[in-house]
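Here is the structure we will look at, set down as C-alpha cells.
Throughout, read-outs are computed from the coordinates displayed, never taken from laboratory work. What you are looking at is a predicted structure, and each value in this text was computed from that prediction instead of being measured. Cβ coordinates were reconstructed from backbone atoms using ideal geometry, including for glycine residues, and neighbour counts include every protein chain displayed.
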Amino acid sequence: MTPDRRILVTLTRSFRRAHIVRMALPLLKGPFTVEAYQRLGELGILHEDDRVELIDGQVVEMSPIGDRHASCVRRLNRLFGRNLPEVAIIDVQNPVVLGRQDAPQPDLVLLEPRADAYPQHPRAGDMLLVIEVADTSLAYDRDIKIPLYARAGIPEAWLVDLAADRIEVYRDPAEGKYASARSVSRGDTITLLQFPNVTVSADDVLG
C-alpha cells in the first residue's frame, strides 16, 4: 500500500439553499419535512421512478446514471457481498433519513445487520459506510452530500471520482465535517474502518 495522500477538501463556492436546488421539480416549493416528502409519493405527486432526494428540505433531481456510474455500483455491490456476508446489509440507491429535512439517496450504504431488513428507511445510526459515485455530479456530492453525512455522524464516507480515477475516503466526523480525508488511487487499497479485516483494492472499485 502506498503512503496516504492527504487531500485538502474545499467548497467550490459558498452554498445557499438556492444552490442546492440545481434542478428542482416544478411546482414543488419547499422546504419539506421527510414526512411531507414521503407524503408526496403517497399522493402520486412523486413516483417511484423519479430520481429525486430530499436535501435541506428541498426536492432535488439527481443526475442520470451513466454506464460507468452503474458499472461501479455493481462492482461495489459484488465486492461487499463477497467480503461481508452476514455482517452487514448492502443497500443500493435507496433513501436514508438523516434528519427532519434530509433524506438523501446514496449510491451504496453498508448497514448494521437486522433480521427485519429495515421496514422503515435506515437512520444515520444504522449506517457503517456510505458511498457516492460521481461522474457528472462531483461538485454536488463533495460540497453538499459529504458534509451532510459528516453532520449526521456517519463514521466513514467514500466519494468515487470516476473522472479523476480515484476514491476520496472521509473519516472521523467532528463538528459537522470530516477531520480525516485522503485520496486513494489505482494500486492502493482501503481497509474498511468498521471492518478492519476487510481490505479492498482501488482497482476493483474503479474497474
What's the magnitude of the charge dipole for the range 5-206 around its Cα centre, counting Lys and Arg as +1 and Asp and Glu as -1 at the beta-carbon? Answer in Debye, nearest 20. 600
Shape of the range 25-65, Cα gyration tensor, a/c cut at 1.5: oblate
Using 0.36 nm per residue, how much length does the chain from Gln194 to Ala115 gain when fully extended, once their Cα-Cα distance is taken away? 26.5 nm
Provide the per-residue ³J(HN,Hα) series for the range 70-85, in order, calculated from phi with Karplus coefficients 6.51, -1.76, 1.60 and θ = phi - 60°, each as a whole number of Hz, with x at glycine and proline positions. 4, 5, 5, 5, 5, 4, 4, 4, 5, 4, 6, x, 6, 9, 10, x
Given a Förster radius of 41 Å and the C-beta distance between Asp50 and Arg78 as r, what FRET efficiency does 1/(1 + (r/R0)^6) yield to the nearest 0.05? 0.90
Descending semi-axes in whole angstrom, ellipsoid equivalent of the range 33-103, from the Cα gyration tensor: 27, 16, 11
Can you compute 3J(HN,Hα) from phi for each residue in the range 32-39, using the Karplus curve 6.51 cos²θ - 1.76 cosθ + 1.60 with θ = phi - 60°, rounded to whole Hz and x for Gly and Pro? 10, 7, 4, 4, 5, 4, 5, 5
Phi angles of the range 192-201, converted by Karplus (6.51 cos²θ - 1.76 cosθ + 1.60, θ = phi - 60°) into ³J(HN,Hα) in whole Hz with x for Gly and Pro, give 5, 4, 7, 9, x, 8, 10, 10, 10, 8
Go ahead and estimate [θ] at 222 nm for the chain from helices alone: -39,500 (n - 2.57) per DSSP H run with n ≥ 4, summed, over the residue count, rounded to 500. -5500 deg cm²/dmol
Using all Cα-Cα distances in the chain, what percent lands in each 10 angstrom bin from 0 up to the longest? 8, 35, 39, 16, 2, 0
